[in-house]
Amino acid sequence: MRWGLTADSELRAPGDVSTCRTRSTDNDGLWTAMYVAAESFRFKVTGDPGARENARRGMQAIVRLEQITGRPGFPARSFIKVGEDIQPEDGEWHDTPDKLWRWKGDTSSDEIVGHYFVYPIYIDLVADESEKPALRAVIDRITNHILDNKYQLID
């Protein structure tokens, strides 16, 4: 986990898990959505509070993908903390106004499909009533962004 997102990792020394370093990828939102869905199903079946916490932490990161861009309805592919994470050399990166974070733009349709997949699962299986309005508002903003831009993601 990297800032609540599932992340690729690499070992700097093969076989030595203490040298593991996570990294941002193009599909952090999509893979996190799959993870959150799995943990949501696990929570529903087992009632395990750990599964609920895992799902909640991942969902908060997914919500943050939309918040960090400052563009209502447009979620980033990923985000990194400046000075702590390694920024991949590819892609389109943008600083947050405070310059503490960077988010990756050029979000793809498969990333959006992940958002549409996970929000209702999390809302139905995990979310407290107090969480649901904010989650529904994000999906509403994403949908309006797509409709307002003639079925395109504009960043």
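The values are calculated or read from the model by the stated rules, or taken from the named source; none is laboratory data. The shown structure was predicted, so the numbers you read here are calculated from the model rather than taken from an experiment. Here the Cβ is made from the backbone with ideal geometry for all residues, glycine too, and neighbour counts use every protein chain on show. Each accessible area value is taken on the protein alone, full model and side chains, heavy atoms only, with ligands, DNA and RNA left out. Shrake-Rupley method; radii C 1.70, N 1.55, O 1.52, S 1.80 Å.
Tabulated data
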{"read-out": "Selected residue (criterion: nearest to Arg57 (Cα to Cα)) from residues of segment 1-14 that are of a type outside the set (S, T, N, Q) and open to solvent by less than 60 Å² (accessible area, probe 1.4 Å)", "value": "Gly4"}
{"read-out": "Failed condition for Thr19, given (1) modelled with pLDDT of 95 or more; (2) more than 17 Å from the chain's Cα centre (by Cα); (3) farther than 19 Å from Phe117 by Cβ", "value": "(1)"}
{"read-out": "Close pairs from segment 74-90: first farther than 12 Å from Ser108 by Cβ, partner of a type in the set (S, T, N, Q) and not in a loop (DSSP other than H, G, I, E, B), Cβ under 9 Å, at least 6 apart", "value": "Asp85/Thr22; Pro88/Ser78"}
{"read-out": "First in segment 122-139 and without any contact (Cβ under 8 Å) to a residue 24 or more places away in the chain and open to solvent by less than 40 Å² (accessible area, probe 1.4 Å), second anywhere and acidic (Asp, Glu) and part of a loop (DSSP other than H, G, I, E, B), Cβ under 9 Å, 6 or more apart", "value": "Ile123/Glu131"}
{"read-out": "Filtered residues of segment 15-36 (kept if touching a strand residue (DSSP E or B) at 6+ places or on another chain (Cβ under 8 Å), open to solvent by 30 Å² or more (accessible area, probe 1.4 Å) and of a type in the set (D, E, K, R))", "value": "Arg21, Arg23, Asp26"}
{"read-out": "Candidate set: segment 42-72, residues that are outside any loop (DSSP other than H, G, I, E, B) and of a type in the set (S, T, N, Q); chosen: the one surrounded by the fewest Cβ atoms within 10 Å (Cβ to Cβ)", "value": "Thr46"}
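Conditions (1) touching a strand residue (DSSP E or B) at 6+ places or on another chain (Cβ under 6 Å); (2) of a type outside the set (D, E, K, R), marked per residue:
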position: Phe41; (1), (2): no, yes
position: Ala51; (1), (2): no, yes
position: Gly58; (1), (2): no, yes
position: Ser78; (1), (2): yes, yes
position: Glu89; (1), (2): no, no
position: Asp95; (1), (2): yes, no
position: Val118; (1), (2): no, yes
position: Tyr122; (1), (2): no, yes
position: Ala127; (1), (2): no, yes
